[in-house]
1. Among the candidates Ala94, Ala126, Ala137, Ala72, which residue alone is without any contact (Cβ under 8 Å) to a residue 12 or more places away in the chain and either surrounded by fewer than 20 Cβ atoms within 10 Å (Cβ to Cβ) or hydrophobic (A, V, I, L, M, F, W, C) (or both)?
2. Give the stretch 230-281 a look and list any residue that's under 17 Å from Pro187 (Cβ atoms) and either in contact with a Ser or Thr (Cβ under 6 Å, 6 or more places away or on another chain) or of a type outside the set (A, V, I, L, M, F, W, C) (or both), or say none.
3. Just to be sure, is Leu27 more than 21 Å from Leu148 (Cα to Cα) and not small (Gly, Ala, Ser)?
4. Which residues, counting only those in the stretch 233-251, are assigned to a helix (DSSP H, G or I) and of a type in the set (A, V, I, L, M, F, W, C)?
5. Does at least one position in the stretch 130-139 carry a residue that is modelled with pLDDT of 80 or more and part of a loop (DSSP other than H, G, I, E, B)?
6. Does Ala240 satisfy the criteria of being among the aliphatic types (A, V, I, L, M) and surrounded by 18 or more Cβ atoms within 10 Å (Cβ to Cβ)?
7. For the stretch 144-154, which positions are within 13 Å of Gly16 (Cα to Cα) and crowded, with 23+ Cβ neighbours inside 10 Å?
Amino acid sequence: MAANIQACAESAGMRGALLRLRRATGLPVAFGGLVEAGRPQVRISELSGTGTAALRALAVSSGNGLGGKAVALARPCAVTDYSASRRISHEYDAAVAAEGLRSVLAVPVVVRRRVRGVLYAALRTAQPLGDRTLSAAVEAARDVEQALVVQDEAHGLLAAAREPGHAAGAAWERVREAHAELRALAPRIADADLRAQVLAACGKLAAAPPSALPVPEVRLAPREVDVLVCVAAGATNAAAADRLGLRPETVKAYLRSAMRKLGAHTRLEAVVAARRTGLLP
């Protein structure tokens, strides 16, 4: 289940990056994929603007073709005429020709010095792809990298927190700190897809502790959760307001509303109740 959620999040991040790349450059085609676990190859999983399925699920090995060269060198690579280029090997010419691509740019997705995927941008004519296109492709790759970093951090914290004897100790405190930081960061992220992924990671962190007893479902507004996160970290209303970019009176209103929904009479009771219901880690 967790693997499926992660795969869906990765696909959504890649898909959003490709759409933004095409909008920024006006290029007709963009596609990409991530490195398969345990294998030195990228599996093309997301297509945008393609007219055929020739590139779908194509496995690009490190060093082969344009994308494989970008993986091996860990830097962007481009060709003006793919099929005629002497700068790359030609294992994937049939798939590229089926889609009618000529000028192609490949940008690696690099997380902690490890290539995790490749984004491609392409034209169906043989003409140079300039610096503007390169900059937009690099920016799109950075978006994917940020999303992967958030997902990696969330999964690592969850794994640590679920180890026997760790949930009440330092590992779980790291989960709570990360949850608070991500909740505060999310409203400041302009990119809607990346913001949604950060909030999804927050949800997984909050739901992590196993519960032996059934708990009632409580629905809080996102800002009510944000305020409770700050309260759980020991922040005053003024400090929470400063962190969240709100007025202290607004923070007090959100806190009162959350306490009412949770059936709590004090700030501490509200935090405890929110943790029991899986709204906070």
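1. Values: Ala94 fails: without any contact (Cβ under 8 Å) to a residue 12 or more places away in the chain; Ala126 fails: without any contact (Cβ under 8 Å) to a residue 12 or more places away in the chain; Ala137 fails: without any contact (Cβ under 8 Å) to a residue 12 or more places away in the chain.
After ruling out the rest, the residue left standing is Ala72.
2. The answer is Asp242, Arg243, Gly245, Arg247, Thr250, Tyr254.
3. On the way: more than 21 Å from Leu148 (Cα to Cα): yes; not small (Gly, Ala, Ser): yes.
Yes, satisfied.
4. Let us first name the residues in the stretch 233-251 that are assigned to a helix (DSSP H, G or I), namely 237-244, 248-251.
Scanning the stretch 233-251 gives Ala238, Ala239, Ala240, Ala241, Leu244, Val251.
5. From the stretch 130-139, those modelled with pLDDT of 80 or more are 130-139; that's our starting set.
Filter once more, keeping what is part of a loop (DSSP other than H, G, I, E, B): 130.
Looking through the stretch 130-139, at least one residue is modelled with pLDDT of 80 or more and part of a loop (DSSP other than H, G, I, E, B).
6. On the way: among the aliphatic types (A, V, I, L, M): yes; surrounded by 18 or more Cβ atoms within 10 Å (Cβ to Cβ): yes.
Yes; evaluated as a whole, the condition is true for this residue.
7. Passing the criteria: Val144, Ala147.
The rows are residues; the columns are (1) in contact with a Lys or Arg (Cβ under 8 Å, 6 or more places away or on another chain); (2) within 17 Å of Pro28 (Cα to Cα); (3) not in a helix (DSSP H, G or I).
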position	(1), (2), (3)
Gly51	no, yes, yes
Ala54	no, yes, yes
Ala70	no, no, no
Arg75	no, no, yes
Val96	no, yes, no
Arg102	yes, yes, yes
Arg116	no, no, yes
Leu119	no, yes, yes
Ala126	yes, yes, yes
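The values are calculated or read from the model by the stated rules, or taken from the named source; none is laboratory data. Predicted model only: the values in this text are computed from it and were never measured. Every residue, glycine among them, receives a Cβ derived from its backbone with ideal geometry; neighbour counts consider all protein chains shown.
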